[in-house]
Amino acid sequence: MACIAASVALRARAMSRFAEAGFPTIRNESWKYTDLRRLAAASFDSGAARSTMPTRDALMPFLVDLAGPVAVFVDGRFAPNLSTLDKLPDGVSFRSLAQVLAASPQQVERHLGSIAPPDPSGGLVALNTALMADGVVLILDRNVVVETPMQVLNVATEGSTGAVHPRLLVIAGEGSAATLVESFAALGAASGFTDAVAEIDVGPAARIRHVRLQEESVSAWHIGLVGVRVGRDAGYEGLILSDGGRLSRTEIHARLEGKGAECRLDGATLVRGRQHADITTDIEHASGFARSRQMFKAVLDDQSRGVFQGRVLVAEDAQRTDAQQSNRNLLLSRGAQADSKPELIIHADDVKCSHGATVGDLDRNALFY
């Protein structure tokens, strides 16, 4: 009962924060390039799953491993008949968040809501926390290594106009390792809103590879935030691939807490028409001898717009930090626009840090070679 009460209190505090903060505006420095006024004025339904579920064959194009474990969510609701969660080694728990909160909430109450920054995006993290109906909890015991990629597939059905708030929680025990693919896709034209939050706790000497595929309908809205905590001698590798959504934004906030921690972030964005895609990263080097690498590329056509904001913060005690950041943008038309804002904030004196950004179009002469 105490765990259930804690969950209710967590949601209540989150709803109070959202009521106070609301949607972020362009007056917020980290949102100066991405305007959410149209999103805030739009209407969405509850996002309840449709009575007619898609077939397994309809999902085939979005599955990364036909024989691997996959948790499928249709319009925000867990679809057990389409999921395969029984092909896992001992020491791995890969379950629906709703099931965990109902049966054993004590497994997640210490982590849920403690890793993602409270309100880096206005009130959107709080909105997810208040309204999360389901999601996935992945728990890896100490020294467990999962060779096969695991997948979380979030699918919007054709014509859906729902607002969904999926939550992902990963707890990687000491020395564990796994690859997780988080996919967002559409089975047809859909104009819903996805407000997704992921919290990932990488324990000492653990390794997590997290691939995030965003290929939703070009009439949909997608906001996602990934909060990562990396322990001593541990590593987090994130890969973002995005080509869907009328407006999409993915934030990654990684805190390197342990000595020798590593973080690598890579991403590619391909947008056209009037699509708007925003990638925002924030890596905090809180401990010494840590290493981070970032490489993000974008290709933009027609009247599309791409945004990259990358912030690296090196704390005063984080000596021997090694951080590199790069952003490259290719414009395929005169109407395309790219905004790039790399940033370094360094409070230590024994560091090796660099950043760079390029925006350019195709060399017309090079097209003939």
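The values are calculated or read from the model by the stated rules, or taken from the named source; none is laboratory data. For clarity, every value in this text was computed on a predicted model and none was experimentally measured. Ideal geometry is used to build each Cβ from the backbone, glycine not excepted, and the neighbour counts take in all protein chains shown. The area values use the complete protein model at the heavy-atom level, side chains included, leaving out ligands, DNA and RNA. Shrake-Rupley method; radii C 1.70, N 1.55, O 1.52, S 1.80 Å.
Scanning segment 52-84 for residues being more than 22 Å from the chain's Cα centre (by Cα) and either farther than 23 Å from residue 132 by Cβ or open to solvent by less than 60 Å² (accessible area, probe 1.4 Å) (or both) gives a total of 11.
Of the residues 303, 275, the single one that is open to solvent by 30 Å² or more (accessible area, probe 1.4 Å), modelled with pLDDT of 95 or more and either among the acidic types (Asp, Glu) or over 21 Å from residue 228 (Cβ atoms) (or both) is 303. Please verify whether residue 131 is under 15 Å from the mean Cα position of the chain (by Cα) and at pLDDT 90 or above, treating the condition exactly as stated. So residue 131 does not fit the description; no. Scanning segment 251-266 for residues that are over 23 Å from residue 316 (Cβ atoms) and open to solvent by 10 Å² or more (accessible area, probe 1.4 Å) yields a total of 2. Considering segment 319-369 alone, what residues qualify as being open to solvent by less than 50 Å² (accessible area, probe 1.4 Å), touching a Phe, Trp or Tyr at 6+ places or on another chain (Cβ under 7 Å) and without any contact (Cβ under 8 Å) to a residue 40 or more places away in the chain? Residues satisfying the conditions are 327, 340. Evaluating residue 154 against the criteria (1) modelled with pLDDT of 95 or more; (2) open to solvent by 10 Å² or more (accessible area, probe 1.4 Å); (3) polar (S, T, N, Q); (4) more than 30 Å from residue 35 (Cβ to Cβ) leaves one unmet condition, (4). Residue count for segment 140-186 satisfying the condition of being out of contact with any helix residue (DSSP H, G or I) (no Cβ under 7 Å at 6 or more places or on another chain) and over 23 Å from residue 63 (Cβ atoms): 12. Residue count for segment 97-121 under the criterion of being surrounded by fewer than 21 Cβ atoms within 10 Å (Cβ to Cβ) and small (Gly, Ala, Ser): the result is 5. Only one of (1) without any contact (Cβ under 8 Å) to a residue 24 or more places away in the chain; (2) assigned to a strand (DSSP E or B) is not met by residue 147, so which one is it? Against the list (1) without any contact (Cβ under 8 Å) to a residue 24 or more places away in the chain; (2) assigned to a strand (DSSP E or B), residue 147 comes up short only on (2).
Could you list, in sequence order, the residues of segment 242-271 that are assigned to a loop (DSSP other than H, G, I, E, B) and at negative phi? Quick ask: steps written out before the conclusion?
Initial filter on segment 242-271 (assigned to a loop (DSSP other than H, G, I, E, B)): 243-246, 257-261.
243, 244, 246, 257, 258, 259, 261 - these are the residues of segment 242-271 that are assigned to a loop (DSSP other than H, G, I, E, B) and at negative phi.
Is it true that residue 32 is under 18 Å from residue 138 (Cβ atoms) and either without any contact (Cβ under 8 Å) to a residue 24 or more places away in the chain or not acidic (Asp, Glu) (or both)? It is false that residue 32 is under 18 Å from residue 138 (Cβ atoms) and either without any contact (Cβ under 8 Å) to a residue 24 or more places away in the chain or not acidic (Asp, Glu) (or both). Scanning segment 72-94 for residues that are part of a strand (DSSP E or B), touching a Gly at 6+ places or on another chain (Cβ under 9 Å) and not aromatic (Phe, Trp, Tyr) turns up 77, 84.
Of all residues in segment 160-175, none satisfies being at positive phi, of a type in the set (Gly, Ala, Ser) and assigned to a strand (DSSP E or B). Just give me the residues in segment 289-300 being over 21 Å from the mean Cα position of the chain (by Cα) and either within 18 Å of residue 228 (Cα to Cα) or open to solvent by 30 Å² or more (accessible area, probe 1.4 Å) (or both), in sequence order. Those that are over 21 Å from the mean Cα position of the chain (by Cα) and either within 18 Å of residue 228 (Cα to Cα) or open to solvent by 30 Å² or more (accessible area, probe 1.4 Å) (or both): 289, 290. Scanning segment 216-241 for residues that are part of a strand (DSSP E or B), touching a residue at least 60 places away in the same chain (Cβ under 8 Å) and not aliphatic (A, V, I, L, M) returns 221, 227, 229.
Of all residues in segment 182-202, those that are more than 26 Å from residue 14 (Cα to Cα) and open to solvent by 10 Å² or more (accessible area, probe 1.4 Å) total 4.
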